[in-house]
Structures are given as structure tokens and as C-alpha cells.
1. May I ask you to verify whether residue A:55 is modelled with pLDDT under 95, outside any strand (DSSP E or B) and at the interface with chain B (Cβ under 7 Å from one of its Cβ atoms)?
2. Within the stretch A:35-42, can one find any residue that is at the interface with chain B (Cβ under 8 Å from one of its Cβ atoms), part of a strand (DSSP E or B) and modelled with pLDDT of 95 or more?
3. Do we find that residue B:171 is within 16 Å of ligand 2 (Cβ to nearest atom), within 12 Å of chain A (Cβ to nearest Cβ) and surrounded by 23 or more Cβ atoms within 10 Å (Cβ to Cβ) in this structure?
4. Does residue B:93 count as more than 16 Å from ligand 3 (Cβ to nearest atom), more than 14 Å from chain A (Cβ to nearest Cβ) and under 26 Å from the mean Cα position of the chain (by Cα)?
5. Among residues belonging to the stretch B:398-453 that are β-branched (Val, Ile, Thr) and more than 10 Å from the chain's Cα centre (by Cα), point out the one that is surrounded by the fewest Cβ atoms within 10 Å (Cβ to Cβ).
6. All but one of (1) over 18 Å from residue B:538 (Cβ atoms); (2) touching a Lys or Arg at 6+ places or on another chain (Cβ under 9 Å); (3) in a helix (DSSP H, G or I) hold for residue B:512, so report the exception by its number.
7. If I ask for residues that are farther than 19 Å from residue B:160 by Cβ, more than 16 Å from ligand 1 (Cβ to nearest atom) and of a type outside the set (A, V, I, L, M), which ones from the stretch A:149-181 would you list?
8. Could you tell me which numbered condition residue A:16 fails, if it satisfies all but one of (1) outside any loop (DSSP other than H, G, I, E, B); (2) more than 12 Å from every other protein chain (Cβ to nearest Cβ)?
Amino acid sequence: MDLTLKVWRQKDAQSTGRIETYQVSGIIPDMSFLEMLDVTNERLIEEGKEPIAFDHDCREGICGMCSLVINGKAHGGFSGTTTCQLHMRKFNDGDTITVEPWRASAFPVLRDLVVDRTSFDRIIQAGGFISANTGGAPDGNAVPIPKPDADAAMDAAACIGCGACAASCPNGSAMLFVAAKVSHLAHLPQGLPERGQRVLDMVAKMDEEGFGNCTNHAECEAMCPKDISISHIAKMNREFIRATVRGD
Amino acid sequence: MDTNGSLNGNVPDGPLAEKWDNHRFNMKLVNPANRRRYKVIVVGSGLAGGGAAATLGELGYNVDCFCYQDSPRRAHSIAAQGGINAAKNYQNDGDSTYRLFYDTIKGGDFRSRESNVYRLAQVSANIIDQCVAMGVPFAREYGGQLANRSFGGAQVSRTFYARGQTGQQLLLGVYAALSRQVAAGTVKMHSRTEMLEIVLVDGQAKGVITRNLVTGEIETHAADVVIMATGGYGPVFYLSTNAMGNNVTASIRAYMKGAYFANPCYTQIHPTCIPVSGDHQSKLTLMSESLRNDGRIWVPTKEGDPRGPAEIPEDERDYYLERMYPSFGNLAPRDIASRAAKRACDEGRGVGDTGLGVYLDFTDAIKRLSLPVVQQRYGNLFDMYEKITGENAYQVPMRIYPAIHYTMGGLWVDYNLMSNIPGLFVLGESNFSDHGANRLGASALMQGLADGYFVAPYTVGNYLANQTPGDYSAESSEFTQAAQDVKDRIHRVLSIDGKRTVTSFHRELGMICWDYCGMARTDQSLTKALDLIPALKEEFWENVSVPGGGDELNPELEKALRVADFLEFAELMCYDALVRKESCGGHFREEYQTQEGEALRDDENFSHVSAWEAPRNGGRPVLHKENLEFEEVEFSVRSYK
Ligand SMILES: Cc1cc2nc3c(=O)[nH]c(=O)nc-3n(C[C@H](O)[C@H](O)[C@H](O)COP(=O)(O)OP(=O)(O)OC[C@H]3O[C@@H](n4cnc5c(N)ncnc54)[C@H](O)[C@@H]3O)c2cc1C
Ligand code: SF4
Ligand code: FES
């Protein structure tokens, strides 16, 4: 396959960026999208040019490190697929593909396609945990957890923290990410003692980090590579109201 | 350190089952009010490093934790799919601490230290309890009890899991605990920061030199103790199931400063990975071993059979694992299953375009269990397979082939998980400790959390109790010299300005290792590798092309430094494989096999850990042996028939 790539290039956080165009040939359908970028980079290096910087690590859809807005859609917009799992058989010979970094004010660009997502870490630090020190935990079967609750918790816990939700939201809101964590812990008996404070602190942190408000566009759910449902946002809103009413 | 010619593992006295309890009682404690005066460096935020950092933070130590990814939540522990073992015996199927211990020793082909393995089995049950308390959503039965599955190399059902994302859920538990400590101010997290050197002062580990991967700044960090938990070195083979960034840098840097590297040739090849599709391939994807619970592995009986799987009748299929190992069948341990697949392909019976693949077939499972049940159990794995290959494995059998997956070798540590360098502790996959020559499925997650949550917090405390806090200075000459060495190394690699890309060197190194030090090794192949690797290393330092500069975000530079260290390490790995003239676990020397083609151990001459010291003035590394003494179990030939 021969392709035209239009790629966002930006030297560092301070510089302004621009789109550059590259012709790449000899791409085969079995390559992953990132392998296509690898091939492009090898050629750029051989031509004495600077390769395109992008984030990636596991290349199997679980670490959440890869990003990329492909043809205007986070992770390319294919259902349940991260950028690293996307394969070139989804494209056609002669296609023009634009590749840009995550766009959200809380994710500043560090270089080319690499952005800073430490705001997500700080939201988790604000309350996305259960305060149980190592040691002294009761037997794992001491508190039975009904299977539907365990399954619902797992559905939410599957979030990989990639940031596609915030990057695809017109308001740059991180609601889906935050809701996934709140909902995961609120579905488990172990998470209940801190449920009120947790949701209040995490939501406050999200606002402080500069993420926008949720106005129910549902773009996040459509672009989420782990199919995290917006029903978790509803769950989080209930948790939030409960905590506010109780004065937690 | 050497006693009677044998390296001393500092194993406590007393009966096996009581060693850890006694040792815990005998270890010194640090007064809670004093703890924050001790600074602890933890390199790595996976299950082992993250677990240790969080727990030491909870105890009140002053911790600095490092990872090269943009967040600690992305350590490669996240990718583990299948599950984590624990001797809970919830299924009442005859499991016990002793059985898990015995299975692990046997699975490791009698090449691990009994006392460490026993401790691992002991604390396994605490791990599950701890994870549940922290909100890990393990799979549950309808009655609300924890669910289990069985896994390769075991006849009991002791594996706990969270769908096909067990590693993710365990790591997110660790990440949550770590985040809580960051908020509490006990842990300072340094993401996108790579350790490039360790600093010793008077022979003790006192700090590290790191590079900030965003700004390129070389930073100096001094502490009372250094803990490394930097994961496995699988990508020395270039293609593996590891993450792109997994590396041997931290370990090889410590080795160059005098830490012993143990059993580098013990590498594990996983039987169920998606086959290579072409030269562009950058990594290989594991299909969880749990698939072998219900899938049946086969190849055509005829060589070069051109027919598709559906056209091959039952009596022309060879379900070779079921045929050769009737009692374990498709659940035979990884090394055995991998070699059996290689043998079938070497005989010309491999499937797929490259002939390097075997079928993993769910047709019978779907008939027996129904499609929805198979979907419920393995749906995410089938989806993953389809994304990569474009094939629907409910309709056509999966194609799988072995790939490098895990590295049992690592820095040598004693019972306390301390290396031979005082003050340098090594945890998780980056040490050599518990899995001998082969690791059983679902045991690495267990070891990572055991080391991080339950072992290191005690043994590190014991070490610190004998140290005066703050007895170091980042301004001392040892630190400035180490930082200068790192800057020089970076400058050198950037100024070569050669013709070949870093990746082309990495790929070539990987091919050498896979072809000559992979699934089957011989004197001849290893000698050849030992010729090729130094030549490649020389070419690297003359002809590599690394664009960009040192004081910016530069992924090519990061790769170049890692590949340079892999080139150092590969030679050590092949040399270890050459001198271990026996077959055991993942180390298969063709010269040493039984009539049936099984690994042939030589207990008389090789029942030891090979701990390598870096050569002082060129030449070969120096061997230190730790003799393995088995008090509880008797040597036996591993049989899974
Ligand atoms: C695909 C896959 C599936 C697996 N499935 C299972 C399973 O089902 N069950 C099981 O028990 N085991 C499984 N394993 C093995 C298991 O996941 C690993 O052995 C284990 O998680 C390793 O944990 P760790 O903490 O030692 O290292 P990692 O989780 O790899 O963490 C290493 C850490 O070190 C950091 N680091 C590395 N080098 C540097 C450096 N130079 N400077 C700074 N930081 C550095 C990294 O950033 C990272 O934080 C699997 C492995 C893979 C690859
Ligand atoms: S909710 Fe989905 S899109 Fe958002 S961070 Fe999690 S996995 Fe990514
Ligand atoms: S690289 Fe890990 S999710 Fe894509």
C-alpha cells in the first residue's frame, strides 16, 4: 500500500507545531499502525531527518500508553481498539491519513504526538484508592461479593487510562475516566467506607486540572477503546449527589 | 562472600516451614519515628517495585520511585492475562502450601533455592487477601466466592483471575496504593525517568543516576538503600511478548559495578503466541495459556499438508501433546509444549504461510460447552486474535507459535533479596530467585507481589536498621563521576553519526539470540553467537545513527542506550548457556536429551546457580557457584506423561 501521511510535528512544549506531509510506500495490511510509523521513522532516519515521536509500550492494547488522533478520531475510532491494535488492513491503498496528538487543555503536547497525561495520575492520587495498608487483610472469601457486582466493578476497572475520552470530548472532559474509577470502587463492599469523600475529591481535582464539564455528548463512550459505558457517569453522578446531600 | 567455594544465600536455619517466621522475628526493626529519616530509592513501578514503594511508604520511609513510562500504571505487569497462583485450597482439591512449593520446585526443574520458594508459597495466600482488600475485582462464583481456574504445570485449581486482565487489575491495585502514598507525601514518583547508572560508595549502593526523558537532564539521586525491580530482559531477542521498553539496562549497569548476574541463560519461551507475520514485526502477542484448558493443539500427521484445517479429517490430525503427555495433555508445562511445537514444525508439519505455527482448536470445546460459554471464558482473547490476524477463531482454529516471554535469570540475590552489593535489593522478574530454570504459569505475578508487599518491606528494614540515616552525599566524587560517565556515554552514542538505525541492530541481535540461543541450543550454535555478538557490538559503536540531541525528548536515543546494554548482556547470556552443559527447564541443549527428546539434567555437575561477576580487565566473566541443597524434596526426573 502507498499512503500519504499528514503528521503533527512540534519540537517541544514551548514551540508551535505544524502538519507535515510524508509519502510512505510498501506498507502491508498485516502491519499494525505503529509498525507503519516505525517503517516511516526508519526511512526518515536514513534520510537524515528527525523521526516522529509517539508514545507506546505494550503494543497489545493494555498499558494505555499509545494515543494518536487518527483521521480526527481518537485511536482511529474503531470499536474496542487502541492505536497499537489497529492494523493497516483497515485502510486502503492511496489513503491520506492525518495523525495528531491528543487534544485537551489538560494534556499539553511534549513533542510531536507525545502528550503529558500526568493530570490523570493526580486525579487518582486525590482519591482513586481504598485505604488499606499492606498486611492484616481478612480472608479473601470473608466478604462474599455477588457475581453481578464483581462483574460490574470489573467492567469499570477495565479502563486503561489512555485519555481518549477527554481527547475526543468537545469540552475536554475527563468524566468517563473518573467515573470508571469511582464506579469500580463503589461496586465493591471494600470501597464503600470512603465512597463519599472519594467522589468529591476526585471531581474537585478533575476540575482543578482544567478538564471541562460533561454535557452528554457521549463521544467519550464512542471512542473509548475499552468500551467503558457512560452508565458509569450516571453512577458517578448519583454517588456525587449522595455525598453532597449527606455532607460527606 | 564465598564460603567453601559456594556463594552463600544467607538462608536462615531451622525447618523449612519455620524459616521465614523465625527470620521475621529475628530481623531488626526501625523505630517508626525514625523511618522518615531513611531515604529509599525504588527503580520500577510494576508489581514488585510499585508494591515495595507503596508498602515502604505506608511504613513511613521516604521513598523515591522511578519508571520510564509516563505513569507508574503502565509497567509491563499490566499485560499479564491469565492469573495469579495462591495456595488457598478454596476448591478443596488437595492444594496446600507444600504442594505449591513442590510444584514450583519441580516446574523449575530443581534449579531454584528451596527456602525462597517455600516462602513464596507461604505468602501467596496473603497476596489474594491483600488484593481483595484493595478492591481488585477478581472473578467470583454466583455464591460470591472467589473463582479459580487451572493453569499449565499444575493438577489443582489454584489460579485467581480477573477476566483476561489479571495483571492489569493487580497492577492497578498497586498503582492505587502507590498513588495514595504519593498523596500522603511519603513517595515521590518520577515518571518518564530512566535509571542509567548505579552509584556505590565504599562498596555500598547509595544512589542512581537518571535521565529525565522529557528534558534530557541527567539527575543524581542519593539514598540509604537502592531497590531495583526493573522487569525482564526478554527483548534481548528483539521479538518477545514484553513491552517495547523492557530492558536490561539497570541490571547490566549494576553488573558492571560488581553485582552478580545469575543464570542469564534461563529464558522462557511461551507456547501460545500469535506467529510472526513478516519483517516489520515489532513485538509478539501472547494468547493466554488459559486457552489450553479448553483448546486442543494439533498439526496434520502428514508433512506439508496443503489442506485447510476443516478439510483435514480427525484421523489425519496429530494432537501431539495429548498423545505424548496423556496425564497433562494440553496443559503440559511451557518449555515442554514449546519444544513439542518446534519439533512438529521442524518435521514440516507446521501450519500457516510460514510453516511456523500449530493449531489451537476450540471446535470440541464449543460442542462440549456451547458457544456462549466459550465466549464468556475467552471472548476478549478471541477478539484480540481477530484484531491482529483478521481471523475469527470461533470458526477457524487459532494458529500459535512459541515466543520469548519471561526471563528466569536476573541479578543474584540472597534470601533477603539483597544482591552481593550491600544495599542493593532486587525484586520481581529482575532477580533470579524463585523460578529455577522454568517458571510455572501464574507464578510471576505471585512472586512480584510477594517480593514487593511481603518480603522486601521486612528485609530492607532489617538492612536499614544497621545504617545511619543520611550517610551519603550526592555531591561526593562517586556521584559526580557516575553522572559524568553517563553524559560521556550519551555523547559518544550521539556522535557516531553512522549509517544504520538502532532498530536494525536490535533486530539483528535478536535474530542471533533466537537462532543460536533460543529454543534449542548447541555448543556449535552458542560458539557462533559468541563470535557474532562482539562483532555486532563493534559495528554498533562505529556505525549506529542516532538522530537528535541529548537534551530533548528523544526516543531513538533511549532505544540506542538500551540496545547498547543488550549487546553487552547477550554475550553473557550465550556464554552462560555454553558452559551449562546440561538441559534443564527452559535451557535446552540438544546434546543433552533423553531418547524421547526430553531435557536431560546433570544434577551431579550442575545443581548450582551460576552467578557471574563482570570481568575486571576484559576476558570472560568470572563464575561464582551457589550450590543448591535440597533438604525437603528429592531430585526426580520431571515427568508430565
Ligand atoms: C504478555 C505477558 C503475560 C503475562 N501473563 C502472566 C500471567 O498470567 N501470570 C503471571 O504470573 N505472570 C505473567 N506474566 C509475567 C509477569 O507479568 C511479569 O513477570 C511481572 O509482572 C513482572 O513484574 P515486575 O514488577 O518485576 O516488572 P514490570 O512490571 O515489568 O515493571 C518494571 C518496571 O521497571 C521500570 N523500569 C525498567 N527499566 C527501568 C530503568 N532503566 N529506569 C527506570 N525504570 C525502569 C519500568 O518502567 C516498570 O515500571 C506475563 C508477562 C507478559 C509479558
Ligand atoms: S475511559 Fe476509556 S477512553 Fe477514557 S481513559 Fe479509560 S479506557 Fe481510555
Ligand atoms: S501501546 Fe499499550 S495500549 Fe497501546
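The values are calculated or read from the model by the stated rules, or taken from the named source; none is laboratory data. Values in this document were obtained by computation on a predicted structure and should not be read as measured data. With ideal geometry, Cβ positions are generated from the backbone for all residues, glycine too; neighbour counts draw on all protein chains shown.
1. Working: modelled with pLDDT under 95: no; outside any strand (DSSP E or B): yes; at the interface with chain B (Cβ under 7 Å from one of its Cβ atoms): yes.
Against the criterion (modelled with pLDDT under 95, outside any strand (DSSP E or B) and at the interface with chain B (Cβ under 7 Å from one of its Cβ atoms)), residue A:55 does not qualify.
2. no
3. Numbers: within 16 Å of ligand 2 (Cβ to nearest atom): yes; within 12 Å of chain A (Cβ to nearest Cβ): yes; surrounded by 23 or more Cβ atoms within 10 Å (Cβ to Cβ): yes.
Yes.
4. Numbers: more than 16 Å from ligand 3 (Cβ to nearest atom): yes; more than 14 Å from chain A (Cβ to nearest Cβ): yes; under 26 Å from the mean Cα position of the chain (by Cα): no.
No, not satisfied.
5. Within the stretch B:398-453, the first condition is being β-branched (Val, Ile, Thr), and the residues that meet it are B:400, B:404, B:407, B:413, B:421, B:426.
Checking the rest, the ones that are also more than 10 Å from the chain's Cα centre (by Cα) come to B:400, B:404, B:413, B:421, B:426.
Values: B:400: 27, B:404: 28, B:413: 28, B:421: 20, B:426: 32.
Checked the stretch B:398-453; the qualifying residue surrounded by the fewest Cβ atoms within 10 Å (Cβ to Cβ) is B:421.
6. (1)
7. A:159, A:162, A:163, A:165, A:168, A:169, A:170, A:171, A:172, A:173, A:177, A:181
8. Condition (1) is where residue A:16 drops out.
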